1. Within the set of pairs 6+ apart or on separate chains, which have a first residue in segment 34-57 that is without any contact (Cβ under 8 Å) to a residue 12 or more places away in the chain and on the phi > 0 side of the Ramachandran plot, a second that is assigned to a helix (DSSP H, G or I) and surrounded by fewer than 18 Cβ atoms within 10 Å (Cβ to Cβ), and C-beta atoms under 8 Å apart?
2. Please determine, by comparing only the residues of segment 39-53 that are touching a helix residue (DSSP H, G or I) at 6+ places or on another chain (Cβ under 7 Å) and buried (at least 16 other Cβ atoms within 10 Å of the Cβ), which one is modelled with the lowest pLDDT.
3. Can you confirm whether segment 12-27 contains a residue that is modelled with pLDDT of 95 or more and in contact with a strand residue (DSSP E or B) (Cβ under 6 Å, 6 or more places away or on another chain)?
């Protein structure tokens with residue numbers, strides 16, 4: 001599985017950034033019913049907009 005660099009304009013809402021900032025309460029709200037997985041870090045989220053390299057589950 002190849003990873004690709006995040007090409008978004010606004011990286012600040014991604015789970016990797018939120019986790020690095022210790023914003024775990026915010027993360028809990030974004031992962032209640034995951035529908036996407038990130039090919040870069042393996043995290044899951046409800047919306048692909050919160051991941052760098054999302055793919056539907």
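The values are calculated or read from the model by the stated rules, or taken from the named source; none is laboratory data. Predicted, not measured: the structure shown is a model, and the values here were computed from it. So basically every Cβ, Gly included, is an ideal-geometry build from the backbone, and we count neighbours across all protein chains shown.
1. none
2. Out of the qualifying residues, it is 52.
3. No: zero hits.
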